[in-house]
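The values are calculated or read from the model by the stated rules, or taken from the named source; none is laboratory data. The shown structure was predicted, so the numbers you read here are calculated from the model rather than taken from an experiment. Here Cβ is always computed from backbone atoms with ideal geometry, including for glycine, and neighbour counts include all displayed protein chains.
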Amino acid sequence: MLHRISIAATALATALLMTAPGARAHDDSKYPDWSGQWRRVEGGPPRYDHSKPYGRGQQPPLTEEYRLIHEASLADQASGGQGLYRTSARCIPMGMPWQMYALFPIEFVFTANTTFVLSEIMTSQPRRIYTDGRAWPEDQDPLFTGYSIGRWIDHDGDGKYDVLEIETRNMRVPRIYDQSGIPFHEDGEAIIKERIYLDKADPNILHNEMTTIDHALTRPWTVTRNYRREKKTIWTENNCVEGNDNIAVGKEDYLLSPDGFLMPVKKGQKPPDLRYFDQAQK
Amino acid sequence: MAFRCSIGSLTVVAAVAMSIAAAQAHDESKYPDWSGQWRRPAGINNQWDPTKPWGKEGAPLTAEYQAIYEANLKDQLEGGQGTDPTYTCIPDGMPRAMNVIYPMEIIILPKTTYIMIEYFSMLRRIYTDGREFPVDDGTLASFIGYSIGKWVDTDGDGRYDELLVETRFMKNPRSFDASGIPLHADAETIVKERFYQDKDKPDVLHDEVTTIDHALTRPWTVVKNYNRERNPRWFELVCAENNEYIKIGDDTYMRSPDGRLKPQKKGQKPPDLSLFNTTNDAAKK
């Protein structure tokens with residue numbers, strides 16, 4: 001893929017210049033203050049590009065093949081189904097880049113060798129962004145979070161880092177961008193590049209320029225996420241499973257009624273096959 | 001509860017003595033090296049007390065909760081889940097999370113020590129900034145609880161070597177382990193922990209865990225041990241991905257390999273599908 005310009009070599013050089021990573025102590029004064037809890041700035045329905053409407057309005061630069069897959073997902077959702085959001089409705093992670101949408105709050109934790117991004121929603125696993133100058137591993141199993149290598153940059157030369165550049169690879173498929181089901185290519189070769197930095201005028205706003213490179217796209221797709229720092233931090237536990245009324249059996253989706261009965265999601269949907277139950281019990 | 005001696009006041013004293021946490025730069029040389037990936041030792045199953053066999057751990061349960069536990073074991077023998085609530089993929093919560101079924105990582109920062117457990121993506125924030133336990137306004141309860149910690153330099157060498165932790169505000173349902181050893185329905189559990197590295201083996205971490213709960217006749221202490229992998233490979237364990245159990249109303253069923261619903265117990269009735277008939281009939285009209 002032409003777009004794939006690794007940052008590993010640069011990262012390695014940087015690490016060598018900055019002394020061996022294993023020997024580094026964590027010098028807080030070199031890092032920006034991204035402490036606290038960050039939430040998405042923009043309201044409204046969750047969507048990948050907040051500057052555009054949900055669904056087709058996102059105008060993802062999909063190839064014709066993947067545009068039709070997205071259309072099928074939207075059509076299924078219009079009839080009551082989950083479309084490609086089906087796996088997420090079952091509490092399977094949406095992974096990257098969706099988890100940086102910060103629908104639920106996130107936290108950044110810096111250590112000398114790794115920057116962690118921790119999410120309140122437990123279906124988003126912690127992101128480990130390795131800033132120790134390592135190269136891409138050759139035998140890592142794909143993860144929903146992918147494998148991330150980062151590089152801190154002192155953009156204005158004041159002796160303090162202000163930008164974190166990240167490249168993420170090796171993400172699991174199937175994966176989608178948002179709840180409408182904008183799909184990634186099934187080859188699992190997507191690359192996501194991020195550039196995270198504090199707003200110059202407002203230190204309580206963080207920006208994340210995210211560019212996705214994927215064979216389902218006709219060109220790299222760039223969006224900018226904005227996060228606002230919460231003044232009062234309260235962490236809750238969001239585990240997805242509790243209160244989830246989506247029930248999947250085989251290839252069918254059902255709903256759980258408020259009083260605990262299985263119910264259809266679509267008009268005319270057949271009930272599940274009960275052949276494994278004792279016929280006399282039915 | 002008589003056992004409830006808060007470590008909050010000690011924490012405040014310690015925080016003041018060590019200078020205000022907010023003003024501290026992170027002096028790594030004061031903290032132990034607990035980096036890397038920590039795993040339960042090979043051969044240790046998911047029983048709460050690793051020194052005893054699964055299901056025969058001699059939990060000091062009250063008579064009422066011993067009876068609940070026995071009924072749970074019988075239900076599990078018949079194919080049910082008993083009092084182990086995690087088959088629906090809700091998190092283990094505390095103290096069970098410290099079984100560390102899948103690996104954990106510990107990040108030590110001045111104000112917070114983070115424990116990230118790969119299983120269920122459980123994340124513990126252990127606040128070491130000198131705060132007191134907050135007053136619960138009804139929103140604090142979580143499976144993992146609210147943890148306050150205190151670093152201790154036991155040998156006076158200028159470097160912390162123990163982390164004392166107290167955890168409250170855990171919510172139910174929880175059990176100590178997969179055998180279903182129950183915790184009290186009142187959810188007033190307190191868990192006290194003492195983390196420390198083995199003196200002879202720096203790649204072994206111990207967690208002495210004492211659980212105080214109204215289902216117990218006395219505080220129950222076990223010691224969990226973890227081995228360090230210094231060059232870890234992390235993976236993702238997604239419970240919901242291959243979960244064969246389905247809870248519908250008050251009953252639990254299973255997914256068959258061919259994608260159909262099946263009973264988990266012999267003679268189990270199928271789920272009530274009356275809403276399908278109603279909905280479909282309505283659709284026809």
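Brief remarks follow.
- When segment B:124-141 is limited to residues that are aliphatic (A, V, I, L, M) and assigned to a loop (DSSP other than H, G, I, E, B), the one that is farthest from the other protein chains (Cβ to nearest Cβ) turns out to be B:V135.
- Conditions (1) over 20 Å from the mean Cα position of the chain (by Cα); (2) assigned to a loop (DSSP other than H, G, I, E, B); number of the one not met by A:D76: (2)
- Sole exception among (1) part of a loop (DSSP other than H, G, I, E, B); (2) away from every other protein chain (no Cβ under 14 Å); (3) without any contact (Cβ under 8 Å) to a residue 60 or more places away in the chain; (4) hydrophobic (A, V, I, L, M, F, W, C) for B:A178, by number: (3)
- For segment A:239-280, residues that are more than 7 Å from chain B (Cβ to nearest Cβ), assigned to a loop (DSSP other than H, G, I, E, B), without any contact (Cβ under 8 Å) to a residue 24 or more places away in the chain and touching a strand residue (DSSP E or B) at 6+ places or on another chain (Cβ under 6 Å) total 1.
- Residue within segment B:11-24 that is modelled with pLDDT of 50 or more and in a helix (DSSP H, G or I) present: no
- Of all residues in segment A:160-177 being among the hydroxyl-bearing types (S, T, Y) and within 17 Å of A:F116 (Cα to Cα), the one that is surrounded by the fewest Cβ atoms within 10 Å (Cβ to Cβ): A:Y161
- Of the residues examined, B:I101 is not one that is over 21 Å from B:P50 (Cβ atoms) and either within 13 Å of chain A (Cβ to nearest Cβ) or in contact (Cβ under 8 Å) with a residue 40 or more places away in the chain (or both).
- Which numbered condition B:E166 misses (of (1) more than 20 Å from A:Q37 (Cβ to Cβ); (2) surrounded by fewer than 22 Cβ atoms within 10 Å (Cβ to Cβ)): (2)
- Applying the condition of being within 9 Å of chain B (Cβ to nearest Cβ) and in a strand (DSSP E or B) to segment A:122-146 and asking which residue is nearest to A:T224 (Cα to Cα) yields A:R128.
- Qualifying residue in segment B:208-229 (condition: away from chain A (no Cβ under 12 Å), in contact (Cβ under 8 Å) with a residue 60 or more places away in the chain, touching a Gly at 6+ places or on another chain (Cβ under 7 Å) and not acidic (D, E)): yes
- The residue of segment A:189-219 that is surrounded by the fewest Cβ atoms within 10 Å (Cβ to Cβ), among those that are of a type in the set (V, I, T) and more than 17 Å from A:E165 (Cβ to Cβ), is A:T218.
- A:Y227 vs. criteria buried (at least 19 other Cβ atoms within 10 Å of the Cβ), assigned to a strand (DSSP E or B) and at pLDDT below 95: no
- Selection of segment B:189-221 for residues being in contact with a Phe, Trp or Tyr (Cβ under 6 Å, 6 or more places away or on another chain) and among the aliphatic types (A, V, I, L, M) yields B:L205, B:I212, B:A215.
- The set of residues from segment A:112-128 being farther than 14 Å from A:M96 by Cβ and touching a residue at least 24 places away in the same chain (Cβ under 8 Å) comprises A:A112, A:N113, A:T115, A:E120, A:M122.
- Condition met for A:W235 (closer than 30 Å to A:I153 by Cβ, within 14 Å of another protein chain (Cβ to nearest Cβ) and not polar (S, T, N, Q)): yes
- Residue within segment B:241-249 that is under 19 Å from B:D177 (Cβ atoms) and away from chain A (no Cβ under 14 Å) present: no
- Leading residue by the ranking (surrounded by the fewest Cβ atoms within 10 Å (Cβ to Cβ)) among those in segment A:73-99 that are modelled with pLDDT of 95 or more and within 30 Å of A:K232 (Cα to Cα): A:P97
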